[in-house]
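The values are calculated or read from the model by the stated rules, or taken from the named source; none is laboratory data. Keep in mind the model is a prediction, meaning the values are calculated, not measured. Note that we place each Cβ from the backbone using ideal geometry, even for glycine, and neighbour counts take in every protein chain shown. Please note that ligands, DNA and RNA were not included when accessible areas were found on the heavy atoms of the full protein model with its side chains. Shrake-Rupley method; radii C 1.70, N 1.55, O 1.52, S 1.80 Å.
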Amino acid sequence: MKLINKKNFISIVCISFTLIVCGKLLIEKIAGFTDVHYTGNIFTCLAFSVIITAVLALHFYLQRFPFIPVLIGQYAGVIGATVAFVKVTDIIAGTATNAMWQMLLSVTIPFFASAFVYYIIFFKQIKKANNIIAELNQSQL
């Protein structure tokens, strides 16, 4: 996963969405589960792919703050959007009794997987940039 910016936002959303849907389909196939709400769930996956990618992209604007509080805040934002989504869905169409727990789990796993990959790449790029700066400083001496 590249660092998220305006130029690659859509492509990262598409990649994330594809991976999430493929994972969903694979788990359903292994478990022998048939999703009767397939279309609605696919659009929900797309919506949360956009939300998670947008929240991770906010890191660019939050770099001056410590990493752990930023990550916790990003996760809280995603969880807040999830809770709001489940509440609105429950008002409109009614949901299962464990819908909140299922949605929180369904959003938490992709969020932390995406955040892990994103921040590992981010910190590797920072380390690479620091090494280049160190080399330039040594060559100027």
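Remarks
- Going through (1) at pLDDT 90 or above; (2) crowded, with 18+ Cβ neighbours inside 10 Å one by one, S49 falls short only on (1).
- With respect to the conditions (1) of a type outside the set (F, W, Y); (2) open to solvent by 40 Å² or more (accessible area, probe 1.4 Å); (3) modelled with pLDDT under 85, A99 falls short on a single one, namely (2).
- Filtered residues of region 55-76 (kept if out of contact with any helix residue (DSSP H, G or I) (no Cβ under 8 Å at 6 or more places or on another chain) and assigned to a helix (DSSP H, G or I)): F60, Y61, I68, P69, I72, A76
- Number of positions in region 77-96 that are part of a helix (DSSP H, G or I) and open to solvent by 60 Å² or more (accessible area, probe 1.4 Å): 6
- The combined condition, being open to solvent by 80 Å² or more (accessible area, probe 1.4 Å), polar (S, T, N, Q), in a helix (DSSP H, G or I) and farther than 27 Å from N8 by Cβ, is not fulfilled by Q125.
- Any chance I12 is in contact (Cβ under 8 Å) with a residue 40 or more places away in the chain, in contact with a Lys or Arg (Cβ under 8 Å, 6 or more places away or on another chain), among the aliphatic types (A, V, I, L, M) and open to solvent by less than 60 Å² (accessible area, probe 1.4 Å): yes
- Y75 satisfies every condition listed in (1) modelled with pLDDT of 85 or more; (2) aromatic (F, W, Y); (3) in contact with a Ser or Thr (Cβ under 7 Å, 6 or more places away or on another chain) except (3).
- Residues in region 24-37 that are free of Cβ contacts under 8 Å to residues at least 12 places away in the same chain and surrounded by 12 or more Cβ atoms within 10 Å (Cβ to Cβ): L25, E28, D35.
- The listed residues are S106, S114, S139, and the only one of them that is in a helix (DSSP H, G or I), out of contact with any strand residue (DSSP E or B) (no Cβ under 6 Å at 6 or more places or on another chain) and loosely packed, with under 11 Cβ neighbours inside 10 Å turns out to be S139.
- Test set (1) under 16 Å from the mean Cα position of the chain (by Cα); (2) under 15 Å from L56 (Cβ atoms) - L105 fails condition number: (2)
- Pick from region 5-28, criterion of a type in the set (D, E, K, R) and in a helix (DSSP H, G or I), ranking: nearest to A57 (Cα to Cα): K24
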